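Contents: one structure, followed by commentary.
The values are calculated or read from the model by the stated rules, or taken from the named source; none is laboratory data. Values in this document were obtained by computation on a predicted structure and should not be read as measured data. Glycine also receives a Cβ, built like all others from the backbone with ideal geometry; neighbour counts cover every protein chain displayed. These accessible areas exclude ligands, DNA and RNA; they are computed on the full protein's heavy atoms, side chains included. Shrake-Rupley method; radii C 1.70, N 1.55, O 1.52, S 1.80 Å.
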Amino acid sequence: MQQLVCYLCGRENRLPAALSQNTIIRCGVCGALLIDLITCSSCGTKNRVKIHFAEHQRVLCGKCQNPLTNCEFERILSKRVSSKHVLYNALTIEGKMQQWKGEWEAAIQLFQQARKYSHDTLVNKTQSAVSIGLCHAYLGNYEKAMKHLTQLDEAGLQEYSTVHELARAYALTGDLERAIACFEKARELLAENASGRYLDEILNALYEIREADAAGPISLQTCILLYDAMRDYETNNVQAGIKKLQRALELNPMDSKIHHQLGIGLLRQGQYEKAVKMLERSLEFDPLHEQAQFALGDAYFHLGLYECALNAYKQTLHINPRNIDAYHHLGLVYEQQGDVETARGYWEDVLKVKPTHQEALQSLQRYAQHTQN
């Protein structure tokens, strides 16, 4: 008999050895959802997922390996149990969700409310102070952020998520050495089976900033905002990523990376005109940026500006003649313009290089159906 501890009330729940693939599991005491079914938006597979409310939880579909996201999980405030312990956990979890979505002011209120039900343990005090401090740092309230961070007792910093939050808070408030020390500690605390790629990347970036002794707090702040936004994008939390990039742009309006990634986020949200402006601005700083040029073609395509899209995709190929996705998208533009024979030629060129290119295969199937009709 398997045991599953509830993250909300701490109750141990016994699970049967065999579970139906369509079974969700709730805590027998407080009713919190412990195991949920998440349908993959790409292949439709239902995935059984054990819920834990760590920021940027990344879960992959068991069939196609596309990322799933936990941002749609139900609100957790318990109505079946009124103990302070459960209310503290419930409010903290809801605060984490608001923080994850970029609603930092709402998150601060929830964390402050949770404190009323805290048992005043060292761990609870530390977690609350770090979370509130990080939210203030995102909002640019650096003095308020430091007021909370200076209350910390390092003896309470033994959980990965708390140390990782603290590292980002220190970076946003301009404290490079403390940020590096906390990221290094987070790397040590990270579970052995978890990917540390992002932590390694951010640490290398911070080491470079320290060695260069460059631009000071602005360079550090934009670095961490870019880091956070990329992780938001990877977990389909695009709106929060956009908010962080907009904050980064306020700090450093001349950074081509920020314009590029902000353009990508706006493109993913269907804000195509705004995406065009951001991507064009990015290319003013770096005309040979392949990904920005390709994304600009996508934005033009969605706006129906096909000649502009053709030019952008061709510019992408001028930068990198081996970009087979640009060839495929050129075919899509010609298809929209009614020149299906030219489109077919581009798709066949794609398959000569990569015979398993799924989009090109689908496009040729569509062409075959068109010619038959």
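Out of all the residues in the stretch 308-328, which are open to solvent by 20 Å² or more (accessible area, probe 1.4 Å) and farther than 23 Å from His259 by Cα?
Across the stretch 308-328, the qualifying residues are Pro321, Arg322, Ile324, Tyr327.
Could you check the stretch 140-194 for helices (runs of 4 or more DSSP H) lying wholly inside it with 3 or more residues that are surrounded by fewer than 20 Cβ atoms within 10 Å (Cβ to Cβ) and free of Cβ contacts under 8 Å to residues at least 40 places away in the same chain? So that I can check it myself, show each step before the final result.
Values: elements: 142-149, 160-172, 176-189.
Those helices (runs of 4 or more DSSP H) span 142-149, 176-189.
Considering the stretch 332-353 alone, what residues qualify as being surrounded by 14 or more Cβ atoms within 10 Å (Cβ to Cβ) and within 24 Å of Cys64 (Cβ to Cβ)?
Result: Leu332, Trp347, Val350, Leu351.
Would you confirm whether or not the stretch 189-198 contains a residue that is within 15 Å of the chain's Cα centre (by Cα), at pLDDT below 90 and either among the acidic types (Asp, Glu) or under 15 Å from Gly263 (Cα atoms) (or both)?
no
Restrict the check to the stretch 271-283 and report whether at least one residue is of a type in the set (S, T, N, Q), under 29 Å from Asp255 (Cβ atoms), under 31 Å from the mean Cα position of the chain (by Cα) and not in a helix (DSSP H, G or I). So that I can check it myself, show each step before the final result.
Within the stretch 271-283, the first condition is being of a type in the set (S, T, N, Q), and the residues that meet it are 271, 282.
Pick out the ones that are also under 29 Å from Asp255 (Cβ atoms) and you get 271, 282.
Those left that are additionally under 31 Å from the mean Cα position of the chain (by Cα): 271, 282.
If we keep only those that are not in a helix (DSSP H, G or I) as well, we get 271.
Checked against the condition, which is being of a type in the set (S, T, N, Q), under 29 Å from Asp255 (Cβ atoms), under 31 Å from the mean Cα position of the chain (by Cα) and not in a helix (DSSP H, G or I), the stretch 271-283 yields at least one hit.
Regarding the stretch 96-110, can at least one residue be identified that is of a type in the set (Val, Ile, Thr) and open to solvent by less than 10 Å² (accessible area, probe 1.4 Å)?
Taking the stretch 96-110 first, the residues of a type in the set (Val, Ile, Thr) are 108.
From the residues that got through so far, the ones that are open to solvent by less than 10 Å² (accessible area, probe 1.4 Å) too are none.
So far as the stretch 96-110 goes, no, none of its residues is of a type in the set (Val, Ile, Thr) and open to solvent by less than 10 Å² (accessible area, probe 1.4 Å).
From Asn124, Asn89, which residue is in contact (Cβ under 8 Å) with a residue 60 or more places away in the chain, open to solvent by 10 Å² or more (accessible area, probe 1.4 Å) and assigned to a helix (DSSP H, G or I)? Let's see the steps before the verdict.
Numbers: Asn124 fails: in contact (Cβ under 8 Å) with a residue 60 or more places away in the chain.
So the residue among Asn124, Asn89 that is in contact (Cβ under 8 Å) with a residue 60 or more places away in the chain, open to solvent by 10 Å² or more (accessible area, probe 1.4 Å) and assigned to a helix (DSSP H, G or I) is Asn89.
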